[in-house]
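Beneath this line is the structure, given in structure tokens, with notes to follow.
Every number in this text was worked out from the coordinates using simple rules, so none of it is lab data. Here the structure is a predicted model, which is why all the values come from computation and not from measurement. Don't worry about glycine lacking a Cβ; one is built from the backbone with ideal geometry, like all the others, and counts go over all protein chains shown.
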Amino acid sequence: MSDKAVLNIIYTNIGRGHPFYLDGIVRRLEASYADRIEINIENVFGLSTGMARYAWKLIRYLYHAGSQGGAVGFVYDILRKKRSAGGDGIAVRILSRGIREFVSRNRYPTLVAHPLLVTMISDIVPVYFVHGEHAVPDEAAVKGAKQVFVPTENAAAAFINKGVGEDITHITGLCIEEELAAGAKLCFENRMERLSGEQPPIGGFFSSGAEPEAHVDKIIRMLISLKNADMKAVVLCKQGGRFEKALKKNLRINIIESKFPDGESSIRSIAAISYESRDELDELSARISPHFDYIVAPSHEKTNWALGLGLPIFILHPIIGTFSPLNRKILVDSKTAFDIDTFEKATGFSSILMRLKNDGILRKMATNGFGRNEIDGFLKIASFLVDELTVNQ
């Protein structure tokens, strides 16, 4: 019989946010603690059958449809009716059926990154909940977890104020890709040197996983503005998605698949790279982001980069979902962000960008974001889990 501790990990696999936090923890557990802990990785689609699986697919469809609120609003409408385990909401009973059967057969501590899963199974097994976002909407502060991992003191205070016990709220620092965290200081110094030089800044452009049409439209306008001004940018887009199709139609550029030449000098005008999976996106991000002087993204996508790596962020509007407005406020209050809230700003982006650079504002935005928080959240969470689960082994 193995003397390793066992940990269940359950993904929702909807969007990129919640799965991203689990991905980073899994990588650290596998790289450093394979001799001490065994992990059972599952996802809600694999665990569900019949009506339950159909319901999860509907949620995923609503998310990718990119409508205002999308699946986020749908799921949280359910969650508002079920703030703790053991409730009898019919929608939650349907969604949780296969998940509860799995943990009933595998009664091991279970790690999740979506609050809805906490409410579904915390009456059966000890649940460890990763909340990697700065923002804490009411719906995220669910009760019942054995431990809640949060990135900052402000996030911890929000959980505590909403009734989650201080004794189970553990501050980890930001969950940032470990390759980026390791090289953060050097990349920041290089960025500051570039922003003091004569060359125009180079940006990284990201859409959310849902690729809302309004965001894609603004990005296209911004890229056309940069291209007309002979400025450079790198765009990451999902293969076959709305964003990739818009790039091909409006900018008529070749899309590179899942690779990128090394070196800043290899960036020619607008470079677009497509990816198939979250792993590919994480790998590309780690390789390319050291060349970025700023990023463009929704406010729920790259908040940790702005507030941990010192990458100024241009926030795409409209602000969609429950996390985005709160994250935007944190970014704006920290003076690390600039809103792209009109089509006029998107169309005139190259001029705005150069004004911010020449006035020293981009440098200030970068400085405001670097060193604000610890950035080794993945390492700390993995270490905490292993120490806690193996203490009695």
| note | 1/(1 + (r/R0)^6) with r = Cβ-Cβ of GLU189 and MET354, R0 = 22 Å, i.e. FRET efficiency to nearest 0.05, evaluates to 0.50
| request: Would you calculate the separation in nanometres between label points at ALA286 and LYS245, each defined as 7 Å from the Cα along the Cα-to-beta-carbon direction? | output: 3.3 nm
| said: Taking a ≥ b ≥ c as the square roots of the Cα gyration tensor eigenvalues, with a/c under 1.5 meaning rounded and otherwise prolate when a/b beats b/c, else oblate, which class fits region 188-255? | reply: prolate
| said: If I stretch the segment between SER196 and ARG27 completely, what's the gain in nm (0.36 nm per residue apart, minus their alpha carbon distance), one decimal? | reply: 57.2 nm
| said: Ignoring everything except DSSP H segments at least 4 long, calculate the 222 nm mean residue ellipticity for the chain; use -39,500 (n - 2.57) per segment, divide by total residues, nearest 500. | reply: -14000 deg cm²/dmol
| field | Degrees, to the nearest 10: 213-228 long Cα axis against longest axis of the chain | value | 30 degrees
| request: First measure r as the distance between the Cβ atoms of ASP339 and TYR54, then evaluate 1/(1 + (r/R0)^6) with R0 = 35 Å and state the FRET efficiency to the nearest 0.05. | output: 0.35
| Estimated FRET transfer efficiency when R0 is 45 angstrom, pair GLU179-ILE90 (beta carbons, to 0.05) | 0.50
| task | Output the pairs from LYS329/LYS364; LYS227/LYS357; LYS185/LYS364; LYS249/LYS302; LYS227/LYS364; LYS185/LYS335 with a Cα-Cα distance over 23 Å in this structure; if there are none, say none. | result | LYS249/LYS302; LYS227/LYS364
| query | Rg and Dmax of region 112-224, using alpha carbons, in Å: what are they? | reply | 19.1, 60
| message | When only alpha-carbon atoms are used, what values of Rg and Dmax, in angstrom, describe the chain? | response | 21.0, 66
| said: On alpha carbon coordinates alone, what is the Rg over Rh value for region 178-369, Rh being the Kirkwood radius? | reply: 0.92
| query | Expressed as a rounded percentage, what relative contact order does the chain have, with Cα pairs under 8 Å and six or more residues apart? | reply | 18 percent
| Folded to 0 to 90 degrees: helix 242-251 orientation relative to the chain principal axis, Cα | 10 degrees
